[in-house]
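To start, the structure under review is shown below, and the notes come after it.
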Amino acid sequence: MASEVFFTDMRTGIGDTLPDKLGRLIEKAGIGGMDLDRKFVAVKMHFGELGNLAYLRPGIPRTIAETARKMGGIPFLTDTNTLYVGHRKNAPEHMDTANYNGFDRMSAGCQIIIADGLKGTDDVEVPIHGEYVETAKIGRAIFDAEVILTVTHFKCHELTGYGGALKNLAMGCASRRGKMEMHAAGKPSVDRDECVGCGTCAGQCAQSAISFSDRKAVIDTGRCVGCGRCIGSCLYDAISVENDQDAGVLNAKIVEYAMAAVRGKQNFHVTVMTDISPNCDCHAENDTPVIPDVGMLASFDPVALDKACIDLAMKQPPVMGGMLYEKCGGKVPEDMFARIHPTTRWQSTFEHAKKMGFGSADYVLVNVK
């Protein structure tokens, strides 16, 4: 059965604003039918890496948070800590980055909570019994919320082809060990040049898998269960895990984690197609947008929402001077995501969602003025 996806463009006249249009969009999409009274509402978004300027402006999530509050909900903006080395790998740095990028209590209209705690280790295992994931590791604050509203910046992605609502739910709601489970089938490794031999990681390992040689940590991969606690505890970014899986497997795990993130929760999703960058907002750089601004979309079905965004993106001409323009000479390519990142295959996301019975790639696009 086709899902409804509601769409509005980015045009505004005098006396109108984009937040006003967003308010009309989510109203038409049916957010008012949700029961938010006295319920904790996780407004899940990406605050942008330090230096990146393609992330969504605070006025977008503020509109969502204010709507939730008017409906009696207790909203909070949230994200989880990153697996990679950057400025969002622990809660204090993550909050500093969010504040620097313009997100605080006043601009966002609600408090900000980093969902998986101080070091990215505060999570809850959600049984999913998927093809690849037995239990998804979801940030505790998101797990504890009764409602999840995603606000997603649509973009291209170097591993998954595109980044949309499903990735925001999956990678964005997972703790650091959850992110590791999606990214890799392997175990963490130690960069001996960065390790100072402080022993913090060994104190976090429940499997006694970490020993020391020449004052450097060594991980026994036979004992290691891949929980990622050592990554979260290392203050020197000396422990990491390499991406070692086929892109199709990553996309399948993203579907299963997205299912876990919304399990037992009311959920509603908004995606904004502006400043569509060639890479994830996790990059410090964002580059010239690859296509023009398209619009804002909303749906109760994140699978249909992602497919609608992809279909709309595919129709757009490349922006002159951008990466896509350089790759295809200004012509509209058959598959913009494959042209930008040839090793990715975004279609596998929808194949696995269909297999898991999650959402629908079939949709009806409803225009909202």
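The values are calculated or read from the model by the stated rules, or taken from the named source; none is laboratory data. Here the structure is a predicted model, which means the values were calculated and not measured. Cβ placement follows ideal geometry from the backbone for every residue including glycine, while neighbour counts extend to all protein chains displayed.
Things worth noting here:
- Flag for Met1 being modelled with pLDDT under 95, in contact with an Asp or Glu (Cβ under 8 Å, 6 or more places away or on another chain) and either in the same structural domain as Arg105 (by TED's automatic domain parsing) or over 30 Å from Lys89 (Cα atoms) (or both): yes
- Applying the criterion of being within 17 Å of the chain's Cα centre (by Cα) and either in the same structural domain as Leu235 (by TED's automatic domain parsing) or assigned to a helix (DSSP H, G or I) (or both) to the residues of region 76-97, the residue that is nearest to Arg177 (Cα to Cα) is Ala91.
- From the list Phe350, Phe337, the lone residue that is in contact with a Cys (Cβ under 8 Å, 6 or more places away or on another chain) and in a helix (DSSP H, G or I) is Phe337.
- Filtering Ser299, Ser348, Ser360 for residues that are closer than 25 Å to Gly23 by Cβ, in the same structural domain as His157 (by TED's automatic domain parsing) and touching a residue at least 40 places away in the same chain (Cβ under 8 Å) leaves a single hit, Ser299.
Here's the yes/no breakdown for (1) outside the structural domain of Asn267 (by TED's automatic domain parsing); (2) in contact with an Asp or Glu (Cβ under 6 Å, 6 or more places away or on another chain); (3) acidic (Asp, Glu):
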position: Gly13; (1), (2), (3): no, no, no
position: Thr17; (1), (2), (3): no, no, no
position: Glu27; (1), (2), (3): no, no, yes
position: Asp35; (1), (2), (3): no, no, yes
position: Lys39; (1), (2), (3): no, yes, no
position: Val43; (1), (2), (3): no, no, no
position: Glu49; (1), (2), (3): no, no, yes
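- Neighbours by Cβ (under 8 Å, 6+ apart or cross-chain): first from region 186-203, in contact (Cβ under 8 Å) with a residue 40 or more places away in the chain; second assigned to a helix (DSSP H, G or I): Pro188/Met180; Pro188/Cys230; Pro188/Ile231
- Across region 64-75, the number of residues qualifying as surrounded by fewer than 21 Cβ atoms within 10 Å (Cβ to Cβ) and in a strand (DSSP E or B) comes to 1.
- Residue within region 322-330 that is under 30 Å from Ala261 (Cα atoms), surrounded by fewer than 20 Cβ atoms within 10 Å (Cβ to Cβ) and out of contact with any helix residue (DSSP H, G or I) (no Cβ under 8 Å at 6 or more places or on another chain) present: no
- Test: residue in region 312-329 that is under 25 Å from Val249 (Cα atoms) and touching a residue at least 12 places away in the same chain (Cβ under 8 Å): yes
- Within region 208-219, residues that are free of Cβ contacts under 8 Å to residues at least 12 places away in the same chain sit with their Cβ atoms under 6 Å from residues that are aliphatic (A, V, I, L, M) and surrounded by 13 or more Cβ atoms within 10 Å (Cβ to Cβ), at 6+ positions apart or across chains, in these pairs: Ser211/Val218.
- Residue under evaluation Gly33, criteria (1) touching a Lys or Arg at 6+ places or on another chain (Cβ under 7 Å); (2) loosely packed, with under 15 Cβ neighbours inside 10 Å, criterion not met: (1)
- Residue within region 202-219 that is of a type in the set (S, T, N, Q) and under 20 Å from His87 (Cβ atoms) present: no
- Candidates Ile148, Ile138 - the one that is in the same structural domain as Met314 (by TED's automatic domain parsing), touching an Asp or Glu at 6+ places or on another chain (Cβ under 7 Å) and not hydroxyl-bearing (Ser, Thr, Tyr): Ile138
- Every condition in (1) more than 15 Å from the chain's Cα centre (by Cα); (2) on the phi > 0 side of the Ramachandran plot holds for Ala145 except the one numbered (2).
- Among the residues listed as Gly32, Gly59, Gly48, the single one being within 21 Å of Met296 (Cα to Cα), touching a helix residue (DSSP H, G or I) at 6+ places or on another chain (Cβ under 9 Å) and free of Cβ contacts under 8 Å to residues at least 40 places away in the same chain: Gly32
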